[in-house]
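K.L.:
Starting off with a structure, shown below.
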Amino acid sequence: MDLFDDFFNDVWSELGGFMNYGQTAREEKKCPGCGKTMKDFQKTGRFGCPECYQTFRNDASGLLRQIHANTDHKGKIPSRSGEKLRQKRRKEELKARLQEAVRAENYEEAARLHKEIRAMEQE
């Protein structure tokens, strides 16, 4: 084991101690997809299946916020089933660009972006 592994294990142990509060109720909740419990997640740091994310959403979100800056996924999008997510990200990007255009007093660009956002919402 190297220094990083020792550090990670120490941090994970500390987080596990945080997650032990109210643990009895969490242990009983099982994922309907794979049967894993929150205690299994605490031990491994990994969920067993995609349904775990929904099942343990409330229990894990606070922990994930402590580990990561936020809980929104910014990674790759599945090619077959990610159209909704692509649309959502595109809309968020357009809204950010709209706010920037208004701040810069570029009202023509802001109007164009506003139109594009409205068209997306009507689809």
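The values are calculated or read from the model by the stated rules, or taken from the named source; none is laboratory data. Remember, predicted model here, so these are calculated numbers, not experimental data. To get the accessible areas, we keep the full protein, side chains included, count just its heavy atoms, and leave off ligands, DNA and RNA. Shrake-Rupley method; radii C 1.70, N 1.55, O 1.52, S 1.80 Å.
K.L.:
Does GLU105 qualify as being part of a loop (DSSP other than H, G, I, E, B), open to solvent by 80 Å² or more (accessible area, probe 1.4 Å), at pLDDT 65 or above and of a type outside the set (Lys, Arg)? Step through it out loud before you land on a result.
P.N.:
On the way: part of a loop (DSSP other than H, G, I, E, B): yes; open to solvent by 80 Å² or more (accessible area, probe 1.4 Å): yes; at pLDDT 65 or above: yes; of a type outside the set (Lys, Arg): yes.
So GLU105 passes the test.
K.L.:
I'm trying to understand the selection: among the residues of segment 16-61, which are at pLDDT 65 or above, assigned to a loop (DSSP other than H, G, I, E, B) and open to solvent by 70 Å² or more (accessible area, probe 1.4 Å)?
P.N.:
Those that are at pLDDT 65 or above, assigned to a loop (DSSP other than H, G, I, E, B) and open to solvent by 70 Å² or more (accessible area, probe 1.4 Å): LYS29, PRO32, LYS36, ARG46.
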